[in-house]
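First comes the structure, then the notes that go with it.
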Amino acid sequence: MLSLSDAVRRIHAAGLPVLFADTCILLDVIRAPLRPAVLRGCVEAARELHQLVTSSPARCTLVAPSFVPREWLAHSPSEAEKLSAHLAEFDDESERLRDDLGLMGITPAFPRPEYRRLPLVERLHDLSRQLLGSSLQLEADQGCILRAYGRATSHAPPSCKGGEVKDSTIIEECLEACRRLHDAGFSPKRVFCTSNRNDYCEKGSSRLHAVLAADFESVGLEFAASLPQALSLIMRP
């Protein structure tokens, strides 16, 4: 993991567009098949992002705030289990339908589906893990933690309910990194991405909360509410 100062130096030296991702963006890669309407294009965007970050030469810098690695380790197994259960349920539903067809003398001309046997869960989990592994992972920064507590105690977004410091710490780390990059004359795009609209966005929309929007604008940070949207912003001239 890197201190904020070291991460900023590496980002500045690379001179590439920067994507700051919170934990849910990485977990969305695993749970995309469970939410096809909401997470459309997520897996494709994740594969493209991984290529941008790991190609030679790289075309993007991915940054994971300090809470992200531990949260990913805590929640990725359960997300994988949920997807495994979903595939098993899909197979079971198909089997029941096949039985009903048999009662009516209809025999499908294709074999029984066994999606649970395919390596989809493992590959999505691995892609998510690879994204995390290819990121610059930040160490906790004391100044950011103090400012995050200030957000939480004043119920400022993303801690609108108060008491929740995690999301505020993530935001403060991203803002501080962008502040230092901005002061150093860094011109490539900087994008923060989260699909957690409840805490970061205006009620019922994908528009960043007005208070956060002002913070983002002051340091040249853009907002995306999905990974495909983030890729679009990063790649846009």
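A few comments on the model shown:
- A cut-off of 5 Å between modelled amide H atoms, ignoring neighbours fewer than 5 places along the same chain, links V63 with L19, F20, A21, L136.
- Near C24: Cβ cut-off under 12 Å, other residues only, Lys/Arg at +1 and Asp/Glu at -1. The net charge is -2.
- Once you divide the Cα radius of gyration of region 1-57 by 2.2 N^0.38 Å, the number left is 1.38.
- Charged neighbours of S94, selected by a Cβ distance under 12 Å, balance to -4 (K, R count +1; D, E count -1).
- GNM flexibility winner over the chain from A85, A152, A224 (Cα, springs under 10 Å): A85
- Amide H partners (placed H, <5 Å) of E222, local residues excluded: R190, V191, F192
- Shape analysis of region 116-219 based on the Cα gyration tensor places the equivalent ellipsoid semi-axes at 27, 19, 15 Å, largest first.
- Dipole axis of region 104-237 (+1 Lys, Arg; -1 Asp, Glu on Cβ), positive-most option in G204, F216, G105: G105
- Here's the list of lysines a cross-link from K161 could span, going by alpha-carbon distance under 16 Å and ignoring same-chain residues fewer than 8 apart: K203.
- Relative packing of 61-72, 178-189, 87-98, which averages over residues the other C-beta atoms within 10 Å, highest first: 61-72, 178-189, 87-98
- Proximal aspartates and glutamates relative to K166, as straight alpha-carbon distance under 13 Å, when same-chain residues fewer than 8 apart are discounted: D22, E71, D141, D199
- Shape of region 68-162, Cα gyration tensor, a/c cut at 1.5: prolate
- If the convex hull is drawn through the Cα atoms of the chain, its volume per residue in Å³: 149
- When the chain is treated as a GNM with alpha-carbon contacts under 10 Å, the residue of Q51, Q130, Q142 showing the greatest mean-square fluctuation is Q142.
- Dimensions in Å of region 67-109 - Rg and Dmax from alpha carbons: 17.8, 57
- Largest to smallest principal axis extent of the C-alpha atoms in region 178-223, angstrom: 36, 17, 11
Any read-out appearing in this document is the output of simple, stated calculations on the displayed coordinates, not a laboratory observation. No experiment lies behind these values; they were computed from the predicted model shown. Glycine also receives a Cβ, built like all others from the backbone with ideal geometry; neighbour counts cover every protein chain displayed.
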